[in-house]
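The structure under discussion appears below in the form of structure tokens.
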Amino acid sequence: MFVGIDIGGTNIKSVLADESGKILHTCDAVTAKTPKLINEEIVSLIDKLTLDACVDKGEIEAVGIGAAGSIDRKRGVVISSPNISCWKSYPLVARLEKILSIKVFLENDATVACAGFWFKDRKKNYKTFVMVTLGTGIGGGAVIDGRLFTGQNGSSLEIGHMTVDVNGKECNCGNRGCLEKYASATALVDYAKAHLKEYKDSSLFKRIKHDRLTAKMIYEEALQKDELAIKSFEYISFYLGAGIANIINIFNPEAVIIGGGLSNAHKLIIPAVKKIVSDRAMKGMKESVKIFAVKNQSVIPALGAAKIAMDRLSGID
């Protein structure tokens, strides 16, 4: 048995899976604000997974962790995470192994999402594809010529920190004009907030009297044809399309797959993205690339973390 944990800026998702990729149980929690509390949440999630699946904890062979941000996968250290600011050169693997007495492996969160798609949808048989994960921030992973690409230390494909405006908005990473400042769930909310006064008839005004503005709320109102909500999605889709055009020009992939929580809004996002890609990506690359949203988004990244644990435990790096 293997456990996969996907730690994002907002939520932690977990799965218990066997070697065939069959998911035995899933559960999740809200991401805490301190390293100690995050560790405690992970322990609680593992306890719940095994209890609910009626599995002895001793049957768990390894735990895979997908963590948002810059990592050193060999040392098991989270160097920094723009959306989990409490992690600063944090030895996540060492701390968890000490608590759990189980082997733990660390990988970038978007890389595990990519691994999860590859593991679950092997029938598609893409040899070169890129995954873009849309959530609190934006991440990425890639399979190149049939091999999961992780870079020198596991911090490859930081798509969210691709510069799309050289003098643009300041990002949590310290740079300016990063894609995730323009095309993430956070960017969606920021755009709607900044333009509320221009759309005084927006149904979002009624919603925020009782609740804070969220990406889910904007999505729900966009489905009801609210003008501001639709404009907000048009805004992030434009920048996302420009970013994906860059990816296509660099990697010449067979497919670009959209994952992350915001991918649930793919019917609003992907048509606009395809239009921008058609306008901006190079001829000879854009025509045959497939752009689509991953299915079962809520469990795919955590499943990928479990797959990473399986492979690395058996010596596949």
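The values are calculated or read from the model by the stated rules, or taken from the named source; none is laboratory data. Remember, predicted model here, so these are calculated numbers, not experimental data. Reconstructed Cβ throughout: ideal geometry from the backbone, glycine too, with neighbour counts over all protein chains shown.
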Cβ-Cβ below 6 Å, separation at least six or inter-chain, first residue in region 32-49 and without any contact (Cβ under 8 Å) to a residue 24 or more places away in the chain, second small (Gly, Ala, Ser) and part of a helix (DSSP H, G or I): which pairs?
-> none
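Against the definition (in a helix (DSSP H, G or I) and over 16 Å from residue 135 (Cβ atoms)), how does residue 225 come out, yes or no?
On the way: in a helix (DSSP H, G or I): no; over 16 Å from residue 135 (Cβ atoms): yes.
The answer is no for residue 225.
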Please work out if residue 156 is among the polar types (S, T, N, Q), farther than 21 Å from residue 297 by Cβ, touching a Phe, Trp or Tyr at 6+ places or on another chain (Cβ under 8 Å) and free of Cβ contacts under 8 Å to residues at least 60 places away in the same chain.
-> yes
Would you check if residue 273 is touching a helix residue (DSSP H, G or I) at 6+ places or on another chain (Cβ under 9 Å), at pLDDT below 90 and buried (at least 18 other Cβ atoms within 10 Å of the Cβ)?
-> no
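Is it fair to say residue 138 is in contact with a Gly (Cβ under 6 Å, 6 or more places away or on another chain), modelled with pLDDT under 95 and assigned by TED's automatic domain parsing to the domain that holds residue 173? Walk me through how you get there before you give the answer.
Numbers: in contact with a Gly (Cβ under 6 Å, 6 or more places away or on another chain): yes; modelled with pLDDT under 95: yes; assigned by TED's automatic domain parsing to the domain that holds residue 173: yes.
Yes.
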In region 200-237, which residues are in contact with a helix residue (DSSP H, G or I) (Cβ under 6 Å, 6 or more places away or on another chain) and of a type in the set (Phe, Trp, Tyr)?
-> 219, 233, 235
Please find, among 68, 113, the residue that is in contact (Cβ under 8 Å) with a residue 24 or more places away in the chain and not assigned by TED's automatic domain parsing to the domain that holds residue 13.
-> 113
Could you count how many residues in region 11-56 are crowded, with 18+ Cβ neighbours inside 10 Å, modelled with pLDDT under 95 and of a type in the set (Ser, Thr, Tyr)?
-> 1
Residue list for region 1-55, restricted to those being over 17 Å from residue 99 (Cα atoms), of a type in the set (A, V, I, L, M) and not in a strand (DSSP E or B) = 1, 32, 51, 53, 55
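Could you check, for region 205-214, whether at least one of its residues is under 25 Å from residue 298 (Cα atoms), part of a helix (DSSP H, G or I) and among the charged types (D, E, K, R)?
Keep residues of region 205-214 that are under 25 Å from residue 298 (Cα atoms), which gives 211-214.
Those still in the list that are part of a helix (DSSP H, G or I) too: none.
Within region 205-214 (the criterion being under 25 Å from residue 298 (Cα atoms), part of a helix (DSSP H, G or I) and among the charged types (D, E, K, R)), the answer is no, since none of the residues qualifies.
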Going by the structure shown, is residue 316 under 20 Å from residue 146 (Cβ atoms) and without any contact (Cβ under 8 Å) to a residue 40 or more places away in the chain?
-> yes
In this structure, does residue 309 turn out to be closer than 30 Å to residue 42 by Cβ and not assigned by TED's automatic domain parsing to the domain that holds residue 195?
-> yes
Over region 278-317, the set of residues surrounded by fewer than 21 Cβ atoms within 10 Å (Cβ to Cβ) and of a type in the set (D, E, K, R) is 279, 280, 283, 286, 287, 290, 295, 311, 312, 317
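Being surrounded by fewer than 20 Cβ atoms within 10 Å (Cβ to Cβ) and not assigned by TED's automatic domain parsing to the domain that holds residue 15 narrows it down to one residue among 244, 250, 257; which is it? Give the derivation first.
Values: 244 fails: surrounded by fewer than 20 Cβ atoms within 10 Å (Cβ to Cβ); 257 fails: surrounded by fewer than 20 Cβ atoms within 10 Å (Cβ to Cβ).
Within the list 244, 250, 257, the selection yields 250.
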